[in-house]
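What follows draws every value from the coordinates through simple rules; no lab data is involved. All of these numbers come straight from a predicted model, not from anything done at the bench. Note: ideal-geometry Cβ built from the backbone for every residue, glycine included; neighbour counts use all protein chains shown.
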Amino acid sequence: MFSKQEAQQLKKEFWTAFGKSFPRKWILYDTKIKNLSFKFYADKKKAEVSLDIEMKDEVFRDAYYNKIWSLEDMLKDYIGDFHKEEFYTLENGKVISRIWVEKEGVSVFNKNTWQQTFEFFVEKMDGFERFYYEFEDFIKDV
C-alpha cells in the first residue's frame with residue numbers, strides 16, 4: 001500500500017510520463033460544445049477514455065446523447081466495443097451521459113502497466129477524436 005502522498009506522487013508521475021511519451025494536443029474540453037468533453041481516467045484497476053455529456057439541462061443532454069447514439073455503428077468502427085449510459089451518476093452525485101471504453105488489469109500504481117495504458121489511451125482517444133471530427137457538424141446541430 002502507498003501513503004496518500006506516495007499515491008499522489010505516483011499519479012503525478014503517471015500523467016507526466018504519459019504526456020512525455022505521447023506529446024499531443026488532444027481535443028478534451030475544446031469540442032466547441034459547452035459541457036461535452038473527452039476524458040482520460042486511470043485508477044488502481046483500470047483505464048478509461050470517455051465522452052462525457054454534462055449539460056445540466058436534461059433536454060439538451062438527452063439530445064446530444066441521442067445524436068451520438070444514432071451514430072452507434074460508426075462510433076464502433078472508430079473505437080471498437082464501448083459502454084454507454086444515458087444516466088451515469090458521478091461520485092459527486094451529478095448525473096451525466098457517458099460513452100466510454102475501458103481497459104481492465106492496468107493500474108496507475110503499477111509502472112509495468114503504464115505503457116499498455118498509454119497505448120490504450122492514444123488508440124481510443126484518437127478514435128474518439130476522428131469520429132468527432134467526422135461527424136462534428138451533425139453532432140453540433142441540436
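Points worth noting:
To keep it simple, each residue is scored yes or no on (1) in a helix (DSSP H, G or I); (2) touching a Leu at 6+ places or on another chain (Cβ under 6 Å); (3) in contact (Cβ under 8 Å) with a residue 12 or more places away in the chain.
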residue	(1), (2), (3)
Lys67	yes, no, yes
Leu75	yes, no, yes
Asp81	no, no, yes
Glu102	no, no, yes
Asn112	yes, no, no
Glu134	yes, no, yes
Ile139	yes, no, yes
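- Test: residue in region 36-45 that is surrounded by 12 or more Cβ atoms within 10 Å (Cβ to Cβ), part of a loop (DSSP other than H, G, I, E, B) and touching a strand residue (DSSP E or B) at 6+ places or on another chain (Cβ under 7 Å): yes
- Residue match in region 116-137 (condition: touching a helix residue (DSSP H, G or I) at 6+ places or on another chain (Cβ under 9 Å) and loosely packed, with under 13 Cβ neighbours inside 10 Å): no
- If the condition is being more than 30 Å from Lys111 (Cα to Cα) and either among the β-branched types (Val, Ile, Thr) or more than 16 Å from the chain's Cα centre (by Cα) (or both), then region 35-54 contributes only Ile53.
- Qualifying position, being surrounded by 14 or more Cβ atoms within 10 Å (Cβ to Cβ), within 24 Å of Glu104 (Cα to Cα) and hydroxyl-bearing (Ser, Thr, Tyr), among Tyr64, Tyr78: Tyr78
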